[in-house]
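Below is one structure, written out as structure tokens; comments come after it.
The values are calculated or read from the model by the stated rules, or taken from the named source; none is laboratory data. The shown structure was predicted, so the numbers you read here are calculated from the model rather than taken from an experiment. Every residue, glycine as well, gets a Cβ built from its backbone with ideal geometry; the counts of neighbours run over all protein chains shown.
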């Protein structure tokens, strides 16, 4: 069996789907009996094939989503025929909606498509996105929440398999060796104690503003020296978030560190008082179990895929209830018994997630498609 893996749309490994594709490729066993070929932009040759010796077919093109969209519309079907793939694994999302022609294709969905569609003004793009999903031989959804969302859009439930994302346990574990009042993690030096929220500043559904207000209320109620660290690249809500921070009387305790290198993120998590994840639009929820794996308590919104991914190992809240969130921040700081319980249950819970398991299940789906 010849498998083609499409890594276009992965933002050179720096986005959520890019990290997913990188993790899948890196954890496919080298002794696999199938032929695996990765294809994408030439500049991604060394971004998605670091741990395996699979062949890579690269295309020289202008970097950007428009060029990738056009390539998938006009070139992908003929390319798949020429390479004689038995099955193709590809990403379907708001940026790219591929169609592999007559070949069998397995579409990976890592986002809540209904929410993505609402953000798109172009009716053609909306229709092509749904069409691409309907034409896929099989769909891999990253959560039951995403599966239900796809079914609500008219996608056949029988063609959807749910495979949760994995966890890199060689990175995400309690870094107890990090001591002292100041955390020196290149390129930052951050003073403890602090809460952390790692998410792109990409929209109101991420609830950064509500968290900032709850943190300010927490500071006012307690007078504690805690800081709030927001780790995430700039996005559509950046301007408003910066403005809210500037107007907070505790602005000096709110740190925007931008896109934090993923390899250093486990250390940043490990040094935090707690991870707070107020987003209501998460289809995957990977940062929640990443934080758990580093041995810190997690507070997250009871919304999206988060209850599914975090189970009973997190403290849940209504992200629109700022007073409730501020009180929970106080509780997780002061209640030693609760902290120990949440940390212990979280460390046990995350053992069920691994990229090796995710990659193996993904290969099984590809095999089933070819055999059908």
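A few notes on this one:
- So residue 136, is it under 30 Å from residue 2 (Cα atoms) and more than 22 Å from the chain's Cα centre (by Cα): yes
- Answer from 314, 301, 359, 310 - the residue that is within 29 Å of residue 3 (Cβ to Cβ) and modelled with pLDDT of 95 or more: 359
- Condition check for residue 102 on (1) more than 27 Å from residue 357 (Cα to Cα); (2) surrounded by 14 or more Cβ atoms within 10 Å (Cβ to Cβ): one failure, at (2).
- Every test in (1) more than 16 Å from the chain's Cα centre (by Cα); (2) over 18 Å from residue 192 (Cβ atoms) is passed by residue 252 save one, and that test is (2).
- Within the range 352-371, being outside any helix (DSSP H, G or I) and surrounded by fewer than 20 Cβ atoms within 10 Å (Cβ to Cβ) holds for one residue alone: 354.
- Once the range 71-97 is narrowed to residues that are closer than 20 Å to residue 24 by Cβ and assigned to a loop (DSSP other than H, G, I, E, B), the residue that is modelled with the lowest pLDDT is 95.
- Being more than 26 Å from residue 343 (Cα to Cα), in the same structural domain as residue 287 (by TED's automatic domain parsing) and touching a helix residue (DSSP H, G or I) at 6+ places or on another chain (Cβ under 9 Å) is a description that applies to residue 241.
- Check on residue 24, assigned by TED's automatic domain parsing to the domain that holds residue 360, modelled with pLDDT of 90 or more, surrounded by 16 or more Cβ atoms within 10 Å (Cβ to Cβ) and touching a helix residue (DSSP H, G or I) at 6+ places or on another chain (Cβ under 6 Å): yes
- Qualifying residue in the range 49-70 (condition: in contact with a strand residue (DSSP E or B) (Cβ under 9 Å, 6 or more places away or on another chain), surrounded by 18 or more Cβ atoms within 10 Å (Cβ to Cβ) and in a loop (DSSP other than H, G, I, E, B)): yes
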